[in-house]
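Below you'll find the structure, written out as structure tokens, and then a few comments.
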Amino acid sequence: MLNTATGERIARVVSEVLAPAVLVAALLLIVGWHAGDTPGVSRWWGLPGALFAAVIPLGYVLHGVRTGRLTNHHIPERADRRVPLIFGTASLVAGLVLLIALGAPREVLALLTAGGVGLGVFALVTHWWKMSIHAGVAAGTVAALTAVYGPVALIGAPLVVLGGWARVRLTAHTPAQVVVGALAGAVIAGTIFPALR
């Protein structure tokens, strides 16, 4: 059994390693690389997707932390989450429009679309309840990778559980908020992404 300090330290590391921006950027790079298996398609289309879906929104949040509008980059206060989620959605949509205009591969566009829908759902629900975005993105990542690589990608499922444990251990979410967030992320990524790719 972990002592309190060790358990909290591990939970903090897990929360950072499995943070939404990290997973979104990694997923876009992986899916972009996979899309490059098609002849004549660059393997680097995920890079601009990651910029608009992860880097720019995270930059907005970090600016909010520096200016004192937000307490930290995980935005623990439910009331503070809505504007960053709307900003993140707008950034992602701008990136999606640009990538469509530039002729990005269908898989990258499908992933950005699924991500935009997910952000919209989480932004809406956040008005009333603090679903875990960490859990949603982690479960969505596993669902998307399963659509691309098949059942072998399900080996990532324990990371969803580990990330959920970390958020509960840090009292950032209740178990219900983690479970519902994970289900929402898995359903959105597991239906929209495969349907559009």
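Over the chain, what percent of the accessible surface lies on carbon and sulfur atoms, probe 1.4 Å? Accessible surface attributable to carbon and sulfur in the chain totals 74 percent.
Dipole magnitude of the chain about its Cα centre, charges +1 at Lys/Arg Cβ and -1 at Asp/Glu Cβ only, in debye to the nearest 20?
Numbers: 13 positive and 6 negative charges, 65 e Å.
For this selection, approximately 320 debye.
Only one item in (1) 53, 39, 26; (2) 51, 36, 36; (3) 38, 38, 33 matches Cα extents along the principal axes in Å derived from the coordinates shown, and that item is (1).
With contacts taken as Cα pairs under 8 Å at a separation of at least 6 residues, the chain carries a relative contact order of 26 percent.
Protein heavy-atom accessible surface, 1.4 Å probe, per residue over segment 28-119: 50 Å².
The values are calculated or read from the model by the stated rules, or taken from the named source; none is laboratory data. The structure displayed is predicted, hence computed values, not measured ones. Neighbour counts are summed over all protein chains in view; Cβ atoms, including those assigned to glycine, are modelled from backbone coordinates with ideal geometry. Quick note on the areas: whole protein, heavy atoms, side chains included, nothing else; ligands and nucleic acids left out. Shrake-Rupley method; radii C 1.70, N 1.55, O 1.52, S 1.80 Å.
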